[in-house]
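**Student:** Sharing a structure below in structure tokens format, with a few things to ask.
The numbers here are math on the coordinates, done by the rules we state, and not lab data. Quick caveat: nothing in here was measured; it's all calculated off a predicted structure. So basically every Cβ, Gly included, is an ideal-geometry build from the backbone, and we count neighbours across all protein chains shown.
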Amino acid sequence: MSGETAARELRRDAIGLREVLFQSITAMAPAAAVAASIPSGAAFAGGSLPLSVLIALVACLFTASCVAELARHLPAAGSVATYAAQGLHPAVGFLVGWGYVFVEALVPPLLLLQLGFTTAGTLHQEWSSYPADLWWPWSLAGAAVIAAAGYFGVRASARFGTVLGVFEVLVFLVFAVWLIGKAGGDNTLSVFGTSHTAEGFAGLSGVFAGSVYTVLAFAGFEAAAPLAEETRDPRRTMQRAVLGAALAIGLFYLVTTYAMTVYFGPDRLGEFGASGAASWEGVARASFGLFWVLVFLAVVNSAIANANASANVSTRTAFALARVRVLPRFLAVLHPRYRSPVAGIAVQSVVAVGAVLGLGLGFGYDPVTAFLLLATVIVTVVIGVYIMVNLACAGYFLRRRRELFNPVRHLLLPVLGIVAFVPALLTAAGLPVFDFVSELTAPVSYAGPVVGAWMAAGIVVLVVLIRRHPGRIAETARVHFDEPPSTGLPQNGAVQR
């Protein structure tokens with residue numbers, strides 16, 4: 001490979017299965033999900049929450065299977081945009097990429113807000129002299145760490161994520177084993193039935209309502225896919241990483257949720273939440289002394305790891321769309337040594353700091369409200385992307401690879417994946433189609449108009465590109481891993497005109 005060609009490409013063969021597996025694992029934020037996301041389902045499933053987690057795991061494996069199949073045949077930094085372009089239409093691929101870049105760029109500020117208010121709140125609880133509203137220095141420190149990890153290339157960033165991911169998983173697994181041991185004779189498989197659901201949500205209705213909220217904890221399993229062009233043997237590695245992360249973290253969620261349920265009491269779990277005495281940190285404080293510090297550190301660690309993984313996703317997807325010139329070309333600028341998308345990393349850092357400190361979010365509201373608003377925007381779009389990927393899987397194998405078409409993997413599982421995620425989409429958007437869905441209130445309800453405005457802008461850009469540069473939209477379907485890059489892309493940090 002010539003120096004000129006290398007300067008236009010992400011670093012090939014830089015990472016392996018371990019790193020990309022933890023790219024997806026950390027993007028799922030397992031510690032934060034166990035401590036904050038999954039307990040939201042307890043209000044409906046009660047002590048049957050482990051069964052809700054099991055149902056959510058099976059549901060997410062449908063879509064994970066589709067992503068894995070597409071990643072195997074289409075190893076591209078564009079990931080979901082390339083899949084939709086190949087399986088449906090390049091215009092759809094552009095819109096999927098447009099939405100995905102937007103929300104993945106918002107994930108780091110989301111997690112930096114969580115890092116800030118979690119750290120400040122805990123410090124204030126321990127030392128009342130520390131101001132509870134002095135959260136922003138921790139957010140800025142996290143932003144600096146993530147920017148540095150990304151700047152030094154995918155190898156440094158992915159290995160950093162691996163270390164963080166191992167720590168948070170181990171802390172909660174050790175705690176879970178401890179809880180199961182302490183539960184003693186209260187261990188029971190009845191929590192995998194429907195006898196412990198919350199009041200007002202009896203039987204399967206409570207279990208399924210809990211599973212809808214639990215599904216949201218699995219978001220991020222596809223995050224390995226945008227690193228395909230930097231991974232050794234990506235056709236095989238991507239498939240194993242995506243499925244492996246979804247399955248492994250699903251089992252992790254099962255073990256930890258079961259442990260807390262039997263320890264806390266299945267018939268009391270409807271009172272369980274993300275904070276206070278009836279929470280993971282509350283139980284750790286009350287029963288296990290200083291072990292709560294490790295739980296706190298694991299949640300903080302999870303926020304940083306998730307932000308790091310999502311920054312990798314947003315910058316690689318932006319790079320892929322910029323090199324075919326459907327996004328500004330400077331986003332395809334690579335560092336001459338580390339081969340990292342430095343322009344994208346700089347933009348990502350500005351977006352992160354701007355969303356945390358500016359735009360009327362962190363300071364205009366408060367960090368928790370800003371967190372909820374960003375989370376609603378992100379989850380709504382990500383679930384929509386999952387639905388489109390399921391459709392793209394069926395379309396790709398029916399239209400382009402008919403000789404490989406398998407009716408179970410390429411039709412039944414995509415349909416089941418769509419069915420599983422539609423209720424989650426309605427829940428995330430606050431559309432009260434089901435009785436367990438709460439209608440969103442301001443300012444969280446602004447998420448819908450924000451998403452609508454961004455996608456409307458994408459449609460305008462799409463129309464302009466189709467009229468002026470139709471070839472660029474067609475290029476969203478291109479798999480660059482199998483062919484040399486186009487001429488005229490940025491070289492050695494310079495932008496050509």
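**Student:** Residue by residue through the range 76-83, which ³J(HN,Hα) values in whole Hz follow from phi under the Karplus form 6.51 cos²θ - 1.76 cosθ + 1.60 (θ = phi - 60°), with glycine and proline marked x?
**Tutor:** 8, 4, x, 6, 4, 5, 5, 4
**Student:** Taking the Cα atoms of the range 90-175 alone, what are Rg (to one decimal) and Dmax (as a whole number) in Å?
**Tutor:** 16.9, 56
**Student:** When you count, for each residue, the other Cβ atoms within 10 Å and take the mean per peptide, how do 319-331, 49-61, 287-299, 419-431 rank with the highest first?
**Tutor:** Most protected by this proxy first, the peptides run 49-61, 319-331, 419-431, 287-299.
**Student:** If you line up the Cα atoms of the range 401-444 on their principal axes, what length do they span on each, largest first, in Å?
**Tutor:** Principal-axis extents of the range 401-444 (Cα, largest first): 51, 21, 9 Å.
**Student:** While we're looking at this one, here's another question. Provide the descending list of Cα extents for the range 283-427 along its principal axes, expressed in whole angstroms.
**Tutor:** Over the range 283-427, Cα extents along the principal axes are 59, 46, 32 Å.
**Student:** Another question about this same structure. Have a look at 305, 82, 216 and report the one farthest towards the positive end of the charge dipole of the chain, computed about the Cα centre with Cβ charges (Lys/Arg +1, Asp/Glu -1).
**Tutor:** The residue sitting most towards the positive pole is 82.
**Student:** Could you point to the residue in 196, 452, 437 farthest towards the positive end of the chain's charge dipole, with +1 and -1 charges on the Cβ of Lys/Arg and Asp/Glu respectively?
**Tutor:** Value computed over the given set: 452.
**Student:** Please get the size of the charge dipole for the chain, origin at its Cα centre, with Cβ charges of +1 on Lys and Arg and -1 on Asp and Glu, quoted in debye to the nearest 20. Walk me through the numbers before you get to the answer.
**Tutor:** On the way: 30 positive and 25 negative charges, 400 e Å.
Rounded to the nearest 20 debye, it is 1920 debye.
**Student:** Still on this structure, please answer the following. Would the range 198-340 count as rounded, prolate or oblate if I go by the C-alpha gyration tensor, calling it rounded below 1.5 in a/c and otherwise prolate when a/b exceeds b/c, oblate otherwise?
**Tutor:** prolate
**Student:** Along the range 270-285, what does the Karplus equation 6.51 cos²θ - 1.76 cosθ + 1.60 (θ = phi - 60°) give for ³J(HN,Hα), rounded to whole Hz, x for Gly and Pro?
**Tutor:** For the range 270-285, the Karplus-derived couplings read x, 8, 6, x, 8, 8, x, 5, 8, 8, 4, 5, x, 5, 5, 5 Hz, x marking Gly and Pro.
**Student:** For the range 260-386, with only Lys/Arg (+1) and Asp/Glu (-1) charged at the beta-carbon, what is the dipole magnitude about the Cα centre, in debye rounded to 20?
**Tutor:** On the way: 8 positive and 4 negative charges, 179 e Å.
The calculated dipole for the range 260-386 is roughly 860 debye.
**Student:** Please work out the C-alpha center-to-center distance from the range 220-287 to the range 394-434 and express it in whole Å.
**Tutor:** 23
**Student:** Sort by residue number and report every cysteine in the chain with no other cysteine beta carbon within a distance under 4.7 Å.
**Tutor:** 60
**Student:** Oh, and also: Work out the P(r) tail for the range 260-332: percent of alpha carbon pairs separated by more than 20 Å, whole number.
**Tutor:** Everything past 20 Å amounts to 55 percent.
**Student:** Using only the Cα atoms of the range 346-488, build the gyration tensor, take square roots of its eigenvalues as a ≥ b ≥ c, and label the shape rounded, prolate or oblate: rounded if a/c is under 1.5, else prolate if a/b is larger than b/c, else oblate.
**Tutor:** Taking the square roots of the gyration eigenvalues as a ≥ b ≥ c, the range 346-488 is oblate.
**Student:** Among 295, 335, 377, pick out the residue whose Cα is farthest towards the positive end of the charge dipole of the chain, where Lys and Arg carry +1 and Asp and Glu carry -1 on C-beta, about the Cα centre.
**Tutor:** Selected residue: 335.
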